[in-house]
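Q: Sharing a structure with you now.
Nothing in this text is a laboratory measurement; each read-out follows from the coordinates by a stated rule. Note that the coordinates shown come from a computational prediction; the quantities given were computed from them, not determined experimentally. Virtual Cβ from ideal backbone geometry, glycine too; neighbours counted across all protein chains shown.
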Amino acid sequence: MSDSQQGNLVFVTAVVCTNPMEVEIYPATLREQEIPHRTEWAPNGELTILVPEQWETQAKTALEKAAQVFFQENLAGRPRETPPDPAPEPSRPALSQDDDGQLEFGSLFNRDGLPAPDETRIRPLWPAWALAALPGTGLGHLYAGKFQMFLYLAFLSVLGVMFFEYTESYFAFLLNLFSWSMDLGFAAYHIKEHNRRAHRAQKAAQAAERGFLDSL
């Protein structure tokens, strides 16, 4: 175990944080328990948390509880052992709603204990309008992450141009108009729906963190 000395205190490594959630949760846990500590960033992006040698046992106990609550594993990264359930309940989807419309936490975190980045990232709305304003390109849906719909809309625009070249009828551009109207009408809607889910995921994660810290 690596250690360092500062004044009369000998600091030892309590834990090495390898993902952003650990960087947030572990220092907050030590602050809540009023355990002295300091941090060191490594070039590879890992955060090492050091505590005075006499606080090592208390710090690791608090961090172990945090790891079990948030990541369902111990500090060594191994899943914690749980007794087998006699009758396991059916799994529920993450962020589902019960009969009263109340948000359930479900399985918000993935296997690494982290929400997927796209689940919590709020995306600006104006690029969807700006890209959808380009006639018949489908770029608004591409920005919204709807790649398959982008291909359909772009194909309709190309098809409209081809029909015009073949028939020399301006009615062929109705396909382009339809593609453009779909992009303008729904690209921004998809971004709004994404942001609504992201807000809900953020609130659920924050509520879980507050509940854990209050229970310490």
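Q: Quickly rank 165-175, 139-149 as a protection proxy: mean count of other C-beta atoms within 10 Å, highest first.
A: Numbers: 165-175: 12.0, 139-149: 19.2.
Averaged packing, sorted descending, gives the order 139-149, 165-175.
Q: Here is a further query. Between T61 and F147, what FRET efficiency follows from the Cβ-Cβ distance if R0 is 41 Å, with the result rounded to 0.05?
A: My answer for the efficiency is 0.30.
Q: Residues with amide H under 5 Å of V10's amide H, sequence separation 5 or more or different chain, H placed in the peptide plane at 1.01 Å from N; which?
A: E53
Q: Could you run the Karplus curve 6.51 cos²θ - 1.76 cosθ + 1.60 with θ = phi - 60° over the stretch 32-42 and give me ³J(HN,Hα) per residue in whole Hz, x for Gly and Pro?
A: Working through the residues one at a time gives 5, 7, 6, 9, x, 6, 9, 10, 9, 8, 9 Hz.
Q: For an R0 of 25 angstrom, estimate the FRET efficiency from the Cβ-Cβ distance between A207 and V16 and round to the nearest 0.05.
A: My answer for the efficiency is 0.35.
Q: For the stretch 148-216, what is the charge dipole size about the Cα centre, in debye to the nearest 20, if Lys and Arg each add +1 at the Cβ and Asp and Glu each add -1 at the Cβ?
A: That gives the stretch 148-216 a dipole magnitude of about 500 debye.
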